[in-house]
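Each remark here refers to the structure printed beneath this line.
The values are calculated or read from the model by the stated rules, or taken from the named source; none is laboratory data. All of these numbers come straight from a predicted model, not from anything done at the bench. Neighbour counts are summed over all protein chains in view; Cβ atoms, including those assigned to glycine, are modelled from backbone coordinates with ideal geometry. Surface accessibility is based on the protein's heavy atoms, side chains included, excluding ligands, DNA and RNA. Shrake-Rupley method; radii C 1.70, N 1.55, O 1.52, S 1.80 Å.
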Amino acid sequence: MKGKFWRGLIAVAAAAAMTFGVSAPAFADDATATYDDMSTVTITKSYELAGTGISPEETFYVTQTDSKVTDGDAKEAPKLTSISPLTFERGAAGDANKKTGQFTVTLPTYTKTGKYEYTLKETVGKTAGVTYRTKDIKLVVTVIEQNGLVRVAAVHCEDEGGAKTSSFADNTYTAGTLNVKKTVAGNLGDKTKEFQFTVTFAAPQDTTWTRDITVTGGASNLTWDGNTATFTLSDGVTASFANVPAGVTYTVDETDYSGDGYSTTGEVTSPTAMTKDGANVNVTNTKTGTVDTGVLLNNAPYIAILGGAVVAGIYFVNRKKHEDMD
C-alpha cells in the first residue's frame, strides 16, 4: 500500500510540475512582454546630374511642417523626435556609387493607438544649379495595442499623389559648358592677330556658388579669378569654361578693334543664363578692303614702250630678209 501511495504522489507532483512549467512562462510572457518596435524610418533621396558638370558638396534638410491624427482617440500627434540632414560629397550627383543617400526620421513615443500623419518638407537651399524638392512628403504611422502594449505596427511614406514610396528622385544638379571661339574673316583679316576678350560670370541674387569652373582650350594671356576671365584668341581657337551652374549668367565682350578696321559680331553683352545644354559663342572679326591695283596701272607706259619695241624689231627683221632676197 505504501509503495502505491508514494508512486501515486510522485505522479501527481510530476503532473503538477509539468502543468506549472507550461502555464507559468505563458503568464510571464503576457505580463512582461517586450517588443523591438520600429523607432526610426529612412527616406531615400537620389541626387541626379543634368548636363555636364561636377556638383558641389551639398547638404539637404527635411523638416516637419504639420501633423494630425487621422484615426484614434489621441488629441494630437506627438512631434517627430528628429530628422537627420543628408550631405552629398562633391561630384556625387549622377554618380552611380554616390548619388543615393538617406534621411533618418526618429519617431516619438506613442501612448495611444491610432493613425498619425506627418507632413514633411525639404528646405529650399540657395546653391546655384541645384533643384530642390518643393512637394510635400507624407509620413504615416500606425499604432496598435498588443498584449497590453502600445506598439508601432507600420510606417510608410506617400508622395503628393498618395502613392506609397520611400524614395524620391527630384533633386538635380545642372551645369553646362561655355565655348568661346574666335573667327577672323575678310580679305584683309589677320588670322594670326590676337584679339582680347573678357568673360564675366554672375550668380542670381540670393544664390551662392562655389566658382568651381575650369578653363581649357587655346586661350593665351589668361587671367581668371573665378568670376572674370581675360584672355586672347586668334582665328580658329576656342576657350572653354566647364561646370557653369545653371542659372549663372555670362557675358562675352571683346575689345573694340574698329580702329584697326575690323567689324565685330557675336558678342554676348547682356547677361545670359547658363542651361544644361551649354552655349557656343562665336565672335567674328571681319576686315575687308579694295586691293590697290594702281601700281599695275602705272606700268602701262613701260609695257606699251616694250610692246612697241618688239613690233619694231619684228618689222626690221622682216625688212632685212626682203632686202637680202632682192
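Kindly state, to the nearest 0.05, the FRET efficiency for A169 paired with M38, given R0 = 22 Å and r defined as their beta-carbon distance. Walk me through the intermediate numbers first.
Numbers: r = 24 Å, r/R0 = 1.10.
Taking R0 as 22 Å, the efficiency between A169 and M38 is 0.35.
How much accessible area per residue does the range 207-276 have, in Å², with a 1.4 Å probe?
Values: 3230 Å² over 70 residues.
Result: 46 Å² of accessible area for each residue.
Between D95 and Q196, what FRET efficiency comes out of the Förster formula 1/(1 + (r/R0)^6) with R0 = 35 Å and r the beta carbon distance, rounded to 0.05? Don't skip to the end; give the middle numbers.
Numbers: r = 38 Å, r/R0 = 1.10.
Result of the calculation: an efficiency of 0.35.
What number in nm² do you get for the range 74-165 if you take the convex hull of its Cα atoms and divide its surface by four? The partial results should precede the final answer.
Numbers: hull surface 31.7 nm².
Mean orientational projected area (the range 74-165, Cα hull): 7.9 nm².
Label Y257 and D73 with points 7 Å out from Cα along Cα→Cβ: what is the distance between them in nm?
8.7 nm
In square angstrom, rounded to the nearest 10, how much accessible surface does Y47 have for a 1.4 Å probe?
Roll a 1.4 Å probe over it and Y47 shows about 0 Å².
Per 0.36 nm of contour for each residue apart, how much would the distance between N280 and Y132 grow if the chain were fully extended, relative to their Cα-Cα spacing?
Details: separation 148, 0.36 × 148 = 53.28 nm, distance 2.79 nm.
That pair, N280 and Y132, stretches by 50.5 nm at full extension.
Working only with C-alpha atoms, what are the Rg and Dmax values of the range 169-283, expressed in angstrom?
Reported Rg and Dmax, both Å: 15.1, 56.
How many percent of the accessible area of the range 189-242 is carbon or sulfur, using a 1.4 Å probe?
Numbers: 1210 of 2660 Å².
The computed percentage sits at 46.
Quick one: accessible surface of K112, probe radius 1.4 Å, all protein chains present, in square angstrom to the nearest 10.
100 Å²
Ignoring ligands and nucleic acids, what accessible area does T255 show with a 1.4 Å probe (Å², nearest 10)?
Only protein atoms counted, so the area is about 60 Å².
Given R₀ = 25 Å, what would the calculated FRET efficiency be for I144 paired with D66, taking r from the Cβ atoms and rounding to 0.05? Display every interim value, and only then the final one.
Details: r = 23 Å, r/R0 = 0.94.
Calculated transfer efficiency: 0.60.
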